[in-house]
Amino acid sequence: MAKFITPGKLMIKDESSGLLSKPKKAALSGLIKNSKVDGKKVGLVPTGHKTLNDITNKNASVFVEASSRKRSAPKMKEVYVPPFKLARMMKEVQDKSSVEYQRLTWDALRKSINGLVNKVNTANIKNIIPELCSENLIRGRGLFCRSCMKSQMASPGFTDVFAALVAVVNTKFPEVGDLLLRRIVLQLERAYKRNDKPQLLAAVKFIAHLVNQQVTHEIVALELLTVLLEKPTDDSVEVVVGFVKESGSKLQDVSPRGLHGIFEQFRGIPHEGEIDKRVQFLIEGLFAIRKAHFQGYPAVRPELDLVEEQDQLTHEVSLDEEIDPETSLDVFKPDLNFLESERRYEELKKTIMGDESEDEDGSNAESDDDEEEAEPMEITDETETNLINLRRTIYLTIMSSVDFEEAGHKLLEIKLEPGQEMELCIMLLECCSQERTYLRYYGLLGQRFCMINKVYQENFDKCFVQQYSMIHRLETNKLRNVAKFFAHLLGTYALPWHVLSYIRLTEEDTTSSSRIFIKILFQELSEHLGIRLLNERLNDPTMQDSFESIFPRDNPKNTRFAIVKGLTFEMCIF
């Protein structure tokens, strides 16, 4: 590839007098003197008229030729045919294998592919893909590649959408992905040699997103980056920075050593002092993005992650080899086996999309019967209105009751569907955490429900796990209320003590919030049960499996960290 060069001044050369410039006065006066004979000007004027006539005649012939080309040009252009007229023309053709019919189907295929590619976006890509696969992409693979490249060049901001579309098509038609990659690489080489920066940026961005979608192998990306940084200039470095921003997250996962080598090349460029300050700032910003693990520059957006990793087919093209763009696929060519090719593609389309298409006539004839036999439509409420109303009812009942017995009686009268018992437990815990100080009212209410039905006991068990996993998000007051609530359930044996097995009391596995939670929990248990009963409970041989994680003995460091004065005498001996 050629190095980026700065365009020089354009010099215009005349056919008769060399480079255009003003003649010197001496030469001009000499010419006038030599042209005077016997007091008459016989040299300059006739010569000027002859030259003027020659130029005029030459220009006239050029204008005649240009005007004739303009008159004949519209004959070579394609005439727009409305879709309904094109469909009518296709129906009028009797011989479906004739060249005329093949040309009409080719025009319809080209317009359909262009229309689908031009209107694809993040919201409708899942609807566009089935429509695109219904077209003959084997016959129109050249049209599809050309349409994708033109649309991407016109709208570089939608490059990731076009790459996602190509990734899905590539799983079904690998030859389409291979052809597109070869054409993009060829376009990149041409733009590089011509110093066409906008086209080069578009091609580089397309390749980056194809690498992210695993349509293109990462070797192509690393080879491209190496070539651009071989002789760094302001433009080439700017192109590489844009490429690494787009595909750096993916390269970090699949080829960390290769990306590290690229950044090592970046590290030495500012020290050479041959690039602009603006480009040096771009390099510094790229290092900051890498330090943040490319946060804000995801390889593939979640809504465009449409292909499983094991289903994707990856292509590889070297920048040094000769590339055949197969431009003949972009123009119409008659096919001797046209009907056979169309039939085979229809069979392939059925295997890809499933035979879901039915005759329109049959569906219209049976539509009345289907409407009569149709079952009532089930409407599912996705707004969770019923769930919100249930939570409101539980909250008002808890807050308006005088004591826990009245609250328990009213809550049991609420008709709960199977699985909604968890909502009652969550609301009870939320109401408890919102109080300024802990109220024993909530603990007694939770104890009553655990004693009535084992389902509530299991749900409070799940609530304990959820609250402990998110304990760092709670404020100190909420944390204290939650700890005292569960301490009451444990102290009254309403909640089984095996829930303590979810706690692992080590320096690495705990945070300041979780340590405060454990401290308040055991303080409340010691006040409720007393030190003696609490010690007996913790030393119960049948419960040692549940206390193994909260009082670890696997490592002296963890054992020393978990020692609690008055409760872990055996651990001190250990």
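The values are calculated or read from the model by the stated rules, or taken from the named source; none is laboratory data. As the structure is a prediction and not an experimental result, all values here were calculated from the model. Don't worry about glycine lacking a Cβ; one is built from the backbone with ideal geometry, like all the others, and counts go over all protein chains shown. The protein model used for the area step is the full one, side chains on, heavy atoms only, and it has no ligands, DNA or RNA in it. Shrake-Rupley method; radii C 1.70, N 1.55, O 1.52, S 1.80 Å.
Could you grab me the full set of residues in segment 185-208 that are assigned to a helix (DSSP H, G or I) and either open to solvent by 40 Å² or more (accessible area, probe 1.4 Å) or over 22 Å from residue 144 (Cα atoms) (or both)? Steps first, answer last, please.
Narrowing segment 185-208 to residues assigned to a helix (DSSP H, G or I): 185-194, 197-208.
The answer is 190, 192, 193, 194, 197, 198, 199, 201, 205.
Listed by first and then second residue, the pairs with beta-carbon distance under 8 Å, at least 6 apart or on different chains, first residue in segment 275-301 and over 23 Å from residue 160 (Cα atoms), second hydroxyl-bearing (Ser, Thr, Tyr) and open to solvent by less than 60 Å² (accessible area, probe 1.4 Å), are 275/233.
Has segment 266-276 got at least one residue that is within 19 Å of residue 218 (Cβ to Cβ) and modelled with pLDDT under 90? Let's see the steps before the verdict.
Taking segment 266-276 as the starting set, the residues that turn out to be within 19 Å of residue 218 (Cβ to Cβ) are 266.
Filter once more, so that each one left must be modelled with pLDDT under 90: 266.
Yes - at least one qualifying residue is present in segment 266-276.
Give the residues of segment 299-354 that are within 22 Å of residue 142 (Cβ to Cβ), β-branched (Val, Ile, Thr) and modelled with pLDDT of 85 or more, sorted by residue number. Matches in segment 299-354: 314, 317, 323, 327, 331. Annotation: of all residues in segment 114-140 being without any contact (Cβ under 8 Å) to a residue 12 or more places away in the chain and open to solvent by 50 Å² or more (accessible area, probe 1.4 Å), the one that is nearest to residue 349 (Cα to Cα) is 127.
In segment 517-532, how many are open to solvent by 80 Å² or more (accessible area, probe 1.4 Å) and not charged (D, E, K, R)?
The total comes to 3.
Counting only residues that are open to solvent by 10 Å² or more (accessible area, probe 1.4 Å), in a helix (DSSP H, G or I) and among the hydrophobic types (A, V, I, L, M, F, W, C), segment 451-494 holds 4 of them.
With the condition kept exactly as written, say whether any residue in segment 237-256 is over 24 Å from residue 181 (Cβ atoms), open to solvent by 10 Å² or more (accessible area, probe 1.4 Å) and assigned to a helix (DSSP H, G or I). Within segment 237-256, not a single residue is over 24 Å from residue 181 (Cβ atoms), open to solvent by 10 Å² or more (accessible area, probe 1.4 Å) and assigned to a helix (DSSP H, G or I). Per the conditions (1) at positive phi; (2) open to solvent by less than 90 Å² (accessible area, probe 1.4 Å); (3) modelled with pLDDT of 85 or more, the sole criterion not satisfied by residue 293 is (2).
Scanning segment 151-184 for residues that are open to solvent by 10 Å² or more (accessible area, probe 1.4 Å), of a type in the set (Val, Ile, Thr) and under 23 Å from residue 111 (Cβ atoms) gives a single hit, 168.
Restricting attention to segment 541-574, and to residues there that are of a type in the set (Asp, Glu) and exposed (fewer than 12 other Cβ atoms within 10 Å of the Cβ), which single residue is modelled with the lowest pLDDT? Here the residue is 554. What are the pairs, 6+ residues apart or on separate chains, where a residue within segment 458-479 that is closer than 12 Å to residue 429 by Cα and touching a residue at least 24 places away in the same chain (Cβ under 8 Å) has its Cβ under 8 Å from a residue that is of a type in the set (Ser, Thr, Tyr) and open to solvent by less than 50 Å² (accessible area, probe 1.4 Å)? Correct list of pairs: 478/433; 479/513. For segment 214-232, filtering for residues that are within 16 Å of residue 159 (Cβ to Cβ), among the hydroxyl-bearing types (Ser, Thr, Tyr) and open to solvent by 30 Å² or more (accessible area, probe 1.4 Å) leaves 0.
Quick one: is residue 211 open to solvent by less than 20 Å² (accessible area, probe 1.4 Å), more than 26 Å from residue 265 (Cα to Cα) and at pLDDT 90 or above? Before the answer, list the steps.
On the way: open to solvent by less than 20 Å² (accessible area, probe 1.4 Å): yes; more than 26 Å from residue 265 (Cα to Cα): no; at pLDDT 90 or above: yes.
No.
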